[in-house]
Amino acid sequence: MSYIEAKELSVGYEGEVVASHINFKIDEGNYLCIVGENGSGKSTLMKTLLRLQKPLAGEIRFGEAGQTKEIGYLPQQTVVQKDFPASVQEIVISGFQKKSGFRPFYNKEEKKQAEENMRRMGILEFKNRCYRDLSGGQQQRVLLARALCAAGDILLLDEPVSGLDPKVTADMYDLIESLNKEGITIIMVSHDIGAAIRYASHILHIGESIFFGTKEEYIESPEGKYFLARQHKAEEAEENIIEAAETEVIENQNTKN
């Protein structure tokens, strides 16, 4: 069952195209990772999928489960969001706002589901704590629980591990993978091509050329080979910098001794 399908889609702002000729299809249970260079239009596409802005050309077709009111969204965190003065429980249950319409309260079932989503994310014990007092990883779990309250079958995640340390990053990726295995369809924008290759079922690469296909097809594609080679070089350069810094520290210690 197709949830979302894009045909010859162009996205951008105020009439200026950022990315064009985008074609892809998201089926039930897929894990789609959207990758590409900075400024290639990944976040712009995400906003278009959420209907926060209109396509500049082409079309997006939404299946029944792909309606905006049933999509859970985890945005990139800002400094203001990280300092939000509300309890964990208040933030999580606010995911039901669109579903509750004009009701001035949350019903018994929504409260029960919010508590269940906090339990799934391992944050139930923090439900009465202030959100801004939590660690970065805990805050992301809170926002993910909120997105689950808003979601029917689809989660859209915009750089969900940005700013997290390696251990928390790995935990977050494992958590997202577990949700996908439970049947939640995942769409994730990421700079981490390694995570895309490890976790995603499909990859949409946006840049000078557009690629959409399975991760196996992406690895063999010109776009995939180029992007993977660039990331490998960047990782090697980072390792060399760390090694040089460690060597300098050792040499300084030997000089002092």
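For Met118, the shell of other residues with beta-carbons less than 13 Å away shows a net charge of +3, using +1 for Lys and Arg and -1 for Asp and Glu. The mean sequence distance of close C-alpha pairs (under 8 Å, at least 6 residues apart), as a share of the length of region 2-220, puts its relative contact order at 29 percent. In this simple spin-label approximation, Lys233 and Leu124 carry label points 7 Å from Cα along the Cα→Cβ vector, and these lie 5.0 nm apart. Would you mind pulling out the separation of the Cα centroids of region 135-197 and region 84-98, in Å? A separation of 18 Å, based on Cα centres.
Stretching the chain fully between His21 and Thr247 yields a gain of 76.5 nm (0.36 nm per residue, less the alpha carbon separation).
Summing charges over all other residues whose Cβ lies under 10 Å from the Cβ of Gly224, with Lys and Arg as +1 and Asp and Glu as -1, gives -2.
Could you list, bin by bin from short to long, the percent of Cα-Cα pairs of region 2-220 in 5 Å steps? Reading upward from the zero bin: 1, 7, 15, 19, 20, 16, 12, 7, 3, 0, 0.
Coordinate-derived values only; no laboratory data. Fair warning: this is a prediction, and the values are worked out from it, not measured in the lab. Positions of Cβ are generated from backbone atoms using ideal geometry, with glycine treated the same way; all protein chains shown enter the neighbour counts.
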